[in-house]
Amino acid sequence: MKTKHILAATLVACATLNSVAQKFEGLAPTPPMGWNSWNTFACDISEKTVKETADLFIKLGLKDAGYEYVVIDDGWMEMERDPETLLLVPNKVKFPNGIKSVADYVHSKGLKFGIYNCAGIYTCGGYPGTRGFEFIDAKQYAEWGVDFLKFDWCSTGGENGGYAYQQDAKASYTIMSQAIRKAGRPMIFNLCEWGNNNPWEWAAPVGHSWRVSGDIALCWDCELNYGNWASLGFWQIIRKHPDIRKYSGPDHWNDYDMLEVGRGMTAAEDRTHFSMWCMLASPLILGNDISKMNKETLELVTNKELIAVNQDKLGIQGYRFINEDGFELWVKPLSNDEWAFAFVNMTEGDLKISYDWARHYVKDGLVSREINWNNSKFSVRDCIDHKDLGDTSKKFEKTLTRHDIVVLRLAPKK
């Protein structure tokens, strides 16, 4: 009987999608920054790991660098809901003191706490999903003190999943957004819908970010096929949807997935991966085991000059400006009439960049910004090596190793 009442409430919500306020506004004026357990731990997550991660946010300077969300992904719950209350039940072995105590601990560090569920009947790991239980789940998360909800798209129907139905993505995510609103606690709502239904076209009133692809893979430019789904190397994800930057901005971000930095790629590929997420204004959600970060990885993910590119208050996603001679040049307008330029070595060997600034007139119609080099001069700052490089009156020259990047910040000179 309880299940019928909950499903009926969901149907009522479906009928009033356009009449109820949706997401809490103003929670993500810049892309969210934090850590998620999935890439390293999958479903093998625990209270101990989460608390230790929160401690390391402080000890390693991640909080000072801007990271604030500690997010538990799939596998935190028991395999069945409570038969009486129909509430989700935290796994008693993994989380012996429950979820609220973990959230309270994270909050005690001045950080924010996130959790995971799924729009379907099961999560991707086979645990209870939220379909039909949106309002009681949102209320439970609010009571626990959740600040961030990652909401996946497994078990939502279709022939490939063996279901006789197919959930509507917009409706499913809108209902959950409304449930969060009704629960009364502001939460970042991250739509992990994999970009299947073009969420960038409809999700801005619903959530604060939306995934643009399936899961990321630990590689530069590969595709790992698992039958009815595939994971993609980070450059595959970058090139997948070249025309969606216009949909991204403050409080509504294109999410290029959790970072694979520090998990086994080369140092150059890690630099490119992290820097490009900054250029794309993607949420910066670490996915590594931060207790095992080496010095180089820690310096990269806490590089405040790169993070400033990501967190720029103008909130404009960068775009590919040039693809020639073995390199790509990406450009991102910044506030105060500044710009970020990123040169990427796309070759399998060393590449010498010799770039004449005056050669290419720069114009970004999205924000009505342009650079005419004949009457504009900019100072040049290397954001990775933390060096001033003079100004744009001379060519920029640098040799990049395989798959490496250099990110330059240009500031107008008076």
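The values are calculated or read from the model by the stated rules, or taken from the named source; none is laboratory data. Remember, it's a predicted structure, so these values are computed and weren't measured experimentally. Using ideal geometry, Cβ is built from the backbone for each residue, glycine included, and neighbour counts are taken over all protein chains shown. Surface accessibility is based on the protein's heavy atoms, side chains included, excluding ligands, DNA and RNA. Shrake-Rupley method; radii C 1.70, N 1.55, O 1.52, S 1.80 Å.
The residues of the range 355-378 that are in contact with a Ser or Thr (Cβ under 8 Å, 6 or more places away or on another chain) and in a strand (DSSP E or B) amount to a single one, Phe378. If you go through the range 384-406 one residue at a time, do you hit one that is hydrophobic (A, V, I, L, M, F, W, C), in a loop (DSSP other than H, G, I, E, B), free of Cβ contacts under 8 Å to residues at least 40 places away in the same chain and open to solvent by less than 40 Å² (accessible area, probe 1.4 Å)? Scanning the range 384-406, I find no residue that is hydrophobic (A, V, I, L, M, F, W, C), in a loop (DSSP other than H, G, I, E, B), free of Cβ contacts under 8 Å to residues at least 40 places away in the same chain and open to solvent by less than 40 Å² (accessible area, probe 1.4 Å), so the answer is no.
Residues that are over 19 Å from Lys292 (Cα atoms), modelled with pLDDT under 95 and not aromatic (Phe, Trp, Tyr) number at least 1 in none of the helices (runs of 4 or more DSSP H) confined to the range 39-136. Of everything listed in (1) buried (at least 20 other Cβ atoms within 10 Å of the Cβ); (2) without any contact (Cβ under 8 Å) to a residue 24 or more places away in the chain, the single unmet condition for Ser231 is (1). Scanning the range 355-375 for residues that are touching a helix residue (DSSP H, G or I) at 6+ places or on another chain (Cβ under 8 Å) and open to solvent by 40 Å² or more (accessible area, probe 1.4 Å) returns Leu366, Asn374.
So which of Arg239, Arg245 is over 27 Å from Gly26 (Cβ atoms), over 14 Å from the mean Cα position of the chain (by Cα), among the basic types (Lys, Arg) and at pLDDT 95 or above? So that I can check it myself, show each step before the final result.
Numbers: Arg245 fails: over 27 Å from Gly26 (Cβ atoms).
It is Arg239.
Could you tell me which residue of the range 237-267 is farthest from Asn196 (Cα to Cα), considering only residues that are touching a Ser or Thr at 6+ places or on another chain (Cβ under 6 Å) and surrounded by 17 or more Cβ atoms within 10 Å (Cβ to Cβ)? Before you say what the answer is, go through the steps one by one.
We begin by selecting, within the range 237-267, every residue touching a Ser or Thr at 6+ places or on another chain (Cβ under 6 Å); these are 237, 240, 253-256, 262.
Applying the additional criterion that residues be surrounded by 17 or more Cβ atoms within 10 Å (Cβ to Cβ) yields 237, 253-256, 262.
On the way: Ile237: 13, Trp253: 16, Asn254: 13, Asp255: 13, Tyr256: 14, Gly262: 28 Å.
Out of the qualifying residues, it is Gly262.
Just a yes or no: is a residue in the range 272-281 in contact with an Asp or Glu (Cβ under 7 Å, 6 or more places away or on another chain), open to solvent by less than 10 Å² (accessible area, probe 1.4 Å) and more than 22 Å from Trp194 (Cβ to Cβ)? Within the range 272-281 (the criterion being in contact with an Asp or Glu (Cβ under 7 Å, 6 or more places away or on another chain), open to solvent by less than 10 Å² (accessible area, probe 1.4 Å) and more than 22 Å from Trp194 (Cβ to Cβ)), the answer is yes, since at least one residue qualifies.
Inspection of the range 88-96 finds no residue satisfying the criterion of being open to solvent by less than 60 Å² (accessible area, probe 1.4 Å) and under 21 Å from the mean Cα position of the chain (by Cα). Restricting the range 336-354 to residues that are under 15 Å from Ser379 (Cα atoms) and either aromatic (Phe, Trp, Tyr) or part of a loop (DSSP other than H, G, I, E, B) (or both), the residue that is most open to solvent (accessible area, probe 1.4 Å) is Asn336.
With respect to the conditions (1) open to solvent by less than 30 Å² (accessible area, probe 1.4 Å); (2) more than 19 Å from the chain's Cα centre (by Cα); (3) of a type in the set (D, E, K, R), Asp73 lacks only one, and its number is (2).
Remark: pairs (first residue in the range 275-298, within 13 Å of Arg211 (Cα to Cα); second residue charged (D, E, K, R) and modelled with pLDDT of 95 or more; Cβ separation under 7 Å; 6+ apart in sequence or on different chains) = Ser282/Asp255; Pro283/Asp255.
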